[in-house]
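See below for the structure under consideration.
What follows draws every value from the coordinates through simple rules; no lab data is involved. All of these numbers come straight from a predicted model, not from anything done at the bench. Reconstructed Cβ throughout: ideal geometry from the backbone, glycine too, with neighbour counts over all protein chains shown.
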Amino acid sequence: DAKTTQPNSMESNEEEPVHLPCNHSTISGTDYIHWYRQLPSQGPEYVIHGLTSNVNNRMASLAIAEDRKSSTLILHRATLRDAAVYYCILRGANTDKLIFGTGTRLQVFP
Amino acid sequence: DAGVIQSPRHEVTEMGQEVTLRCKPISGHNSLFWYRQTMMRGLELLIYFNNNVPIDDSGMPEDRFSAKMPNASFSTLKIQPSEPRDSAVYFCASSRRGLTAHEQFFGPGTRLTVL
């Protein structure tokens, strides 16, 4: 399974944009890039996913580098409720498996 | 939609006892996943089913663990006999295969403590 590398922790102030980086230099051509987050005392929840093009949804934006070896999850305006562990995961096209790493713990300050 | 339902939410048992965790996936979903989360090992996939059939159980730690999915609306994860190192939060997740297969929906988890 291709691996991802994320910073252990990041901080942000409320209402500021947050850019969460993820490196995946061994990504294969058919691997999807997924982001999930886990709020305290809850199960993980899906945030966004992409393959090659940048993606936007109501929660966040996903910017994928042209060589696909890195990506960035963008929260446009952080709120206190966005404080969570964010996981960047690669998923092969022919599998349903998600392999979670250690993620980035995001702290949001008022 | 009620989401993925797990029971019990908390379980405290003694070493050697049998433990059964239960999961009801979201109606219409045909993939089901069991995960375990600990501080030491993080979030690990134990096993997953497609259309009630086990597809990959490579994450099941040992023979003391078994999982079944007798129908599309119910799954169990059983530990027999339980050991203190099995203490963890166990999550069940479900998804719909196909165009929306990328999104897994997680339940609230069962916190298991084995004394």
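Worth pointing out:
- Spin-label model, residue B:78 to residue B:53: label points 7 Å out along the Cα-to-beta-carbon direction sit 2.3 nm apart.
- Calculated FRET value between residue A:11 and residue B:5, using beta carbons and R₀ = 45 Å, to 0.05: 0.80
- A Cβ-based charge dipole, computed about the Cα centre of region A:51-110 with Lys and Arg at +1 and Asp and Glu at -1, lands at about 140 debye.
- Euclidean distance between Cα centres, region B:19-80 to region A:73-110, Å: 23
- Farthest toward positive dipole pole in the protein assembly as shown [+1 Lys/Arg, -1 Asp/Glu at C-beta], among B:3, A:71, A:28: B:3
- Taking the Cα centre of chain A as origin and assigning +1 to Lys and Arg Cβ atoms and -1 to Asp and Glu Cβ atoms, the resulting dipole is close to 200 debye.
- GNM flexibility winner over chain B from B:11, B:83, B:103 (Cα, springs under 10 Å): B:103
- Selected from A:74, A:99, A:48 as most flexible by GNM, with chain A as the system and alpha-carbon contacts under 10 Å: A:99
- Placing R0 at 30 angstrom, the Cβ-Cβ distance between residue A:58 and residue A:26 gives a FRET efficiency of 0.45 after rounding to 0.05.
- Gain in span if fully extended, residue B:66 to residue B:85, counting 0.36 nm per residue against the direct Cα distance: 5.2 nm
- Listed by chain and number, the lysines whose alpha-carbon sits under 29 Å from that of residue A:3, ignoring those within fewer than 8 places in the same chain, are A:69, A:97.
- Working from label points 7 Å from Cα in the Cα-to-Cβ sense, the residue A:93 to residue B:14 distance is 5.5 nm.
- Charge dipole magnitude, Cβ of K and R +1, D and E -1 - the protein assembly as shown, Cα centre, debye nearest 20: 300
- Between A:85, A:9, A:98, the Cα set farthest toward the positive side of the dipole of the protein assembly as shown (charges on each charged residue's Cβ, about the Cα centre) is that of A:98.
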